[in-house]
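One structure below.
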Amino acid sequence: MNVWGESRWSDHCAWGKEGITYQFDYFLLILETLPLYAPPNCHSGLPSYHGPMFLPVALLLVSATLSADETDRICSQAVELHQKGDLGAAINSYKACLAAKPELTMMWSNYGAALAQAGRYEDAIEVYRKALKGAPDPRLRRNLALAYYKSGALDAAIAEIQTLRVATPDDVSLTFLLADCHLRLGQFQKVIELLTPLEAAGRESKAVAYLLGMALLRSGDLERSKAYLERIQKGGDTAEARFVDAMVKFMGGDYPAAVQGFAKAIELNPDVPSLQSYYGQALLLTGDPDGAALAFRKELARDPNEFESNLKLGSILQFRKQLTEALPYLEQARRLRPPSLEAQNAVAKTYLALNRWEEARAAYERLLAAAPQFGEARGALADVYDRLGRQTDAARERAAAARADKPATADTGLLAAGSAAPPFTLLPASLAELHKGRPAVLVFGSYTCPKYRFDAATLNTLAAKYQNKANFLLIYVQEAHSEADWQSSQNQREGVNLRPARTFEEKTQHASLCTRKLQVKFLSVVDGMDRVVESAYHGWPSAIYIVGTDGHIAWRSRLGEQEFSSVDFEANLRQALP
């Protein structure tokens, strides 16, 4: 009888190529020896379990009684093509084989492995599920779990892995894979709960150090994360070590230093998982959405299921009114993390902007089922109901919106709405005169702040529109990115370069350059070298406030493409008018 045994060809991956598969236990060996535990990639010169690791459970020839049959020849050909790496032809041969002999359970498994290696994970999942009905083999369930993982269906992957762990509780590789699923979903406490017992049992490895250290770091526990992440950094001047160092700065809010760190890591190895994503996030937070978008695209070329890159790139495109292009990224983010209110809201707002009313209705209703006090969403849903001719529902939602939470604004670190605005005099302006009889709009910024420059034209337009109803004032603050400090990537591309102002006269010259270059249409003043006003309003590197006629802050926001909304500004300014 002809039999294809469980040959060891599956133990190897041709680095730089799509090798056929890994044995799962071989993945564990690789994981223990990697300088850094890495999410999926088989193209970086180092093996890791995100590569093509789907295991044909058994390459078994059909019964010897069919040795002369055409079906036998086709099935043999399918496996041969699979072994040679000709996935397209192998898939077609498996399909033909199983059309004639659907009872060959193991061939269904091989068929699923070929589909998974070809990146057709949804098809592979369907095939694995069918194979499991015929033969509930745990190795098949591993492949199903991995297919879910690779397709980004992490909740389904978690369910399969948990089932496997019940049967094989000592299989540490499953614990690592489960921990990575939770890490990708932002469920950091679950990662900590999973891996802390391994650490306590002396199962130290760089995989444990990376996963546990990153979970602690991203949950905000910087102190506990240090001991784990230092193990990664001891590996020398590697991309992984630089990535970890930059992540510490990123989580600590030092975004300029994080940008530099991520950039240096990319120079060493641009394919470290999630590296481009965090580089993009740091660029976005320092006012470089163009550079951020490029980084997010690079991350998604490596891993289409990276949540933050899908969400942030989609948001950038959404802000730029490139709605049709934005929608697939935002939908993918919502699919990857269904509980994410940010992703759900972004999807709903995009459908609304595209006038796709039914889809907007469904998206907002789904969002409000999870967050019933989301006032902005209730108001938007009321508008959608109006469009659909459902006036009774619209009236109900507007009434609920009035009682619900107000929309959040991008106001990190700013003075609270409703608090008294700190008084100041910066000749020729004083706050007391500015808000007498009409609201005052205080804009904080400098020429080297990309976020202020981005909104400068919009602010000019708003100042012209409301010139008879509100007093606008630019307060020039310390340079955001001088040549002596960290220079932003956006400034480098635009040729904006100023040295730090050493005297008040130099700072005034910088302010004059700014108002001239940006054609500022409203009054500007310069904060002193002591930065008293800037500090009182937390206005560095940029900010905008509406101060009501009562001298209290009516609204505030940071500036920048992703933070400042002219629609929100106008709505709140109209409310502040006498």
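The values are calculated or read from the model by the stated rules, or taken from the named source; none is laboratory data. Just so it is clear, the structure is predicted and the values come from calculations on it, not from any experiment. We place every Cβ from the backbone using ideal geometry, glycine too, and count neighbours over all the protein chains shown. Only protein heavy atoms, including side chains, enter the accessible area calculation; ligands, DNA and RNA are left aside. Shrake-Rupley method; radii C 1.70, N 1.55, O 1.52, S 1.80 Å.
Quick notes
- A 1.4 Å probe run over the protein chains yields, for region 242-394, 40 Å² of accessible area per residue, whole-number rounding.
- Per residue, in Å², the accessible surface of region 483-578 once ligands and nucleic acids are set aside, probe 1.4 Å: 49 Å²
- Amide H partners (placed H, <5 Å) of Val525, local residues excluded: Leu474, Ile475, Tyr476
- Taking label positions 7 Å along the Cα-Cβ direction at both Asp86 and Gln162, the computed distance is 4.4 nm, reported to one decimal.
- HN-Hα J in Hz across region 224-234 - Karplus 6.51, -1.76, 1.60, θ = phi - 60°, x for Gly and Pro: 5, 5, 4, 4, 6, 6, 5, 5, 5, 5, 6
- An oblate overall shape is assigned to region 534-577, the ratio a/c of its alpha-carbon gyration tensor axes (a ≥ b ≥ c) being 1.5 or greater and a/b not exceeding b/c.
- Inter-site label distance for Gln322 and Ala416 at 7 Å from Cα along Cβ, in nm: 4.0 nm
- Within the accessible surface of region 469-578, defined with a 1.4 Å probe on protein heavy atoms only, the carbon and sulfur portion equals 48 percent.
- Within the same chain, aspartates and glutamates fewer than 8 places from Lys264 are excluded, and of the rest, those with a Cα less than 13 Å from its Cα are Asp237, Glu240, Asp245.
- Backbone HN-Hα couplings from phi across region 277-289 [Karplus 6.51/-1.76/1.60, Hz, Gly and Pro as x]: 4, 5, 4, x, 5, 5, 4, 4, 6, 9, x, 10, x
- Global form of region 473-559, assessed from the alpha-carbon gyration tensor, a/c cut-off 1.5: prolate
- Straight Cα distances below 20 angstrom link Lys84 to the lysines Lys17, Lys95, with same-chain residues fewer than 8 positions distant left out.
- Prolate/oblate/rounded label for region 81-184 (Cα gyration tensor, a/c 1.5): prolate
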